[in-house]
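Inspection log for the structure reproduced underneath, given as structure tokens.
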């Protein structure tokens, strides 16, 4: 019972922290977001069993299947972490291609907002639908921690 109480409090803290950060105007654009939380979403985040999987979205910022693909993807990941600290990313090998995947997003809207930010640095980035994504990744991720985790950005020029 104590663990469940601590988990619920942690989920609410993440929701509150994210909401507070979104209310601060963006340094480059001056954009600000007004957040209203749906109580059903917050309740769902608190009661989601650990270990369950769901469908979600990630951003593929780089992929390569050449001989030096691993090192190129690791360089892309390092550059991403430099520009977006706190947003998780990893290099994944799916024969024969290395891919650099970042973020964990609950829905397409959230993924689109993250894509807009990421394309400023990685213009060829694309959204990838993940069939199986652990709910725990969505709960602990700064991008997908709550329904109000959308970032205020203007669409980037160029891209695909």
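I'd like the FRET efficiency for residue 78 and residue 127, computed as 1/(1 + (r/R0)^6) with the beta carbon distance as r and R0 of 22 Å, rounded to 0.05. The value I calculate is 0.50.
Estimated from the Cβ-Cβ distance and a Förster radius of 25 angstrom, the FRET efficiency linking residue 65 and residue 90 is about 0.90. Compared with the direct C-alpha span, the chain from residue 108 to residue 33 gains 25.2 nm at full extension, assuming 0.36 nm per residue.
Read-outs: derived from the displayed coordinates by stated rules, not from any lab. All values reported here derive from a predicted model rather than from experimental measurement. Glycine also receives a Cβ, built like all others from the backbone with ideal geometry; neighbour counts cover every protein chain displayed.
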